[in-house]
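Let me begin by presenting the structure, written as structure tokens, before commenting on it.
Any read-out appearing in this document is the output of simple, stated calculations on the displayed coordinates, not a laboratory observation. From a predicted model like this one, the values you see are computed outputs, not experimental measurements. As a convention, Cβ positions derive from the backbone with ideal geometry for all residues, glycine included, and neighbour counts pool all protein chains shown.
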Amino acid sequence: MGTFPARGEIMRIRQWMPPLLGSIVLLLVVPPVANGAPHDNGSTVASLPPPVQFTSEQDRQRTMDLLGITSIRPGANTHSPNLPNAVNYDESKANPYPNLPDPLTLNNGKKVTTAKMWWKVRRPQIVEYFDQDVYGRVPEHVPTVRWEVASTTHEKVGEVPVITKQIIGHVDNSSYPAITVDIPLTLTTPADATGPVPVILQFTYDPKVMAALRARMAAAGPRPAPFPGPTWQEQVLAKGWGYATLIPTNLQADNGAGLTAGIIGLVNKGQPRKPDDWGALRAWAWGASRALDYFETDKSVDARKAGLEGHSRYGKATLVAMAYDPRIAIAYVSSSGMGGANLYRRNRGELLENVAAPNEYHWMAGNFLKYAGPLHANDMPVDSHELIAMCAPRPVFIGAGAPPPAGWTDAVGTLDGWVDAQGMFKAEAAAGPVYKLLGKKDLGTTAFPPMETTLIDGDLAFRQHHYGHTDAPNWPTFLTFASRYFNGPSLPTTAQK
């Protein structure tokens, strides 16, 4: 059996709506990955310049200038079907580059035939490509985080007594006091638990942002009815597990103007990024890893059973975190689309070029812009199936909603065509050979299944529900899948009573 080496959006709420709501669920374990940055003496710190102030457009143009890029191709357009770049939902036109990089072929052309070759040679090669050209590198010296429990409350969620802790992670900013980064984290565990429990951590939005989003969506017209049944939190508690939530924009803004602030700006002392510096997705994933650090110190949490869930852009961050942090035991990656589980070589729904646009480029490394300018998706040395393969041998559940009917552009985002469920399935299937090499089970098929088909018999899992851009309908299936690995006692939910 293969094991890890020693532990060590509704179309982005479409182009006219604010950042899409997402969620990430995560479980923690293991010591901090980063070392604290050396402290500057007082005079040196005092002489540092203030943070650079750029708009997203200015920062993106600066990066293009550094890379010698004169223009970026436009992404898929959801509003004008007669334009050359009109969004495509026709599967017969979705695979302009059908040949994917082989995750089990070394850079020198030699085939990977053993787990040792994967861990020692091929996986590091894939990681380097993602670091250099896709998500960027986490700096070697990221400041440490000091966690404190701000409050502890005994309450009920449904009919289940719980203990909720409000926790704050303070990032050491002594090297650059002009930028302060705090990481609020909420942890809820069953009050009646007799020992440490698994925990699911979710990236979620600030309540004010969510309220504004709901208001704008309501103004756009009638919405599909919400998925019925207990909340995901109640479902998790019914398993006897705990859950946690983290707002990733508290540690890194979801826009290019914020790249000289937040944790990225703090490490860079307020200066703009280098082309291979980390983007927001890796910064958010870094925040999830720091939450794992805390969970390893909390006696109510079984940090060996830490799960991660995220929806839409936070689905992207979930997959990135899962790939890079081996402590995460399982992931539910919901509607992550381009930049997440979908193949960059696909042409269905959102394109690589959309992710390189001014409203999304900050998720990625600056070098990513090359593939929307002088280069194309087929020039990329990796694709998203290899990001999924980086998660091996740990279990990954990928979910999505229904696409729009034929001939409809889904311009108001009521459905989930933008994220390309079939492309994500293809990527997950293409990661299967790595799982099998490591002694695990793949999806069991390479044929895209009918809607509502549940594929959870392997260590790679997939399901497409018939609702819209939401993670809610797949929660019961994911928790059934996760129960194979966590095996916790069950507690009744309000609905079960």
Cα-derived Rg to Rh of region 10-486, Kirkwood definition: 0.95
Using the Karplus curve 6.51 cos²θ - 1.76 cosθ + 1.60 with θ = phi - 60°, what ³J(HN,Hα) values do you get for each residue of region 277-291, in whole Hz, with x for Gly and Pro? 5, 5, x, 4, 4, 6, 5, 5, 4, 4, x, 5, 5, 5, 4
Taking the number of other C-beta atoms within 10 Å as the exposure measure, put Ile247, Ile264 in order starting with the fewest. Ile247, Ile264
Is the C-alpha gyration tensor of region 337-444 telling us rounded, prolate or oblate? Criteria: a/c under 1.5 is rounded; beyond that, a/b larger than b/c is prolate, otherwise oblate. oblate
For Lys441, counting only aspartates and glutamates whose alpha-carbon sits under 19 Å away and dropping same-chain residues fewer than eight positions off, the answer is Asp102, Glu386, Glu428, Asp457, Asp459
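Where does each of His376, His79, His465 land when they are ranked from fewest to most other beta-carbon atoms within 10 angstrom?
Working: His376 17, His79 12, His465 22.
By the 10 Å Cβ count, ascending, the order reads His79, His376, His465.
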Please report the spacing between the Cα centers of region 440-470 and region 286-345 in Å, no decimals. 19 Å
Tell me, what ³J(HN,Hα) does each residue in region 141-152 have, in order and in whole Hz, if you take phi through Karplus 6.51 cos²θ - 1.76 cosθ + 1.60 with θ = phi - 60° and put x for Gly and Pro? 10, 9, x, 6, 10, 9, 9, 9, 8, 7, 7, 9
Here is the link list: Lys93/Lys305; Lys269/Lys370; Lys110/Lys440; Lys370/Lys426; Lys93/Lys208. Which ones come out longer than 31 Å on Cα distance? Lys93/Lys305; Lys93/Lys208
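Would you kindly work out the equivalent ellipsoid of region 233-381 from its C-alpha gyration tensor and give its semi-axes, the square roots of five times the eigenvalues, largest first in whole Å? Please report the intermediate quantities before stating the final value.
Numbers: eigenvalues 169, 74, 29 Å².
In descending order, the three semi-axes are 29, 19, 12 Å.
Quickly estimate the mean residue ellipticity at 222 nm for the chain, helices only: each DSSP H run with n ≥ 4 gives -39500 (n - 2.57), and the total goes over all residues, rounded to 500. Please list the in-between numbers first.
Values: 13 runs with 122 residues, N = 497.
That comes out to -7000 deg cm²/dmol.
Within region 88-152, which trypsin sites (Lys or Arg not before Pro) sit in a loop by DSSP and count at most 13 neighbouring Cβ atoms inside 10 Å? Numbers along the way, then the final one.
Numbers: sites: Lys93, Lys110, Lys111, Lys116, Lys120, Arg122, Arg137, Arg146; in loops: Lys110.
Loop-located and lightly packed - Lys110.
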DSSP loop (so not H, G, I, E, B), at most 13 other Cβ within 10 Å: list which GluC sites (Glu not before Pro) in region 82-142 pass both filters. Glu140
Loop-resident sites, region 246-324, for trypsin sites (Lys or Arg not before Pro), counting at most 11 other Cβ within 10 Å (DSSP): Lys299
So which lysines can Lys156 reach, going by Cα to Cα under 20 Å and dropping same-chain residues fewer than 8 places off? Lys165, Lys239, Lys497
List, in order, the whole-Hz ³J(HN,Hα) value for each residue of region 438-446 obtained from phi through the Karplus relation with A = 6.51, B = -1.76, C = 1.60 and θ = phi - 60°; use x for Gly and Pro. 8, x, 10, 9, 8, 5, x, 7, 10
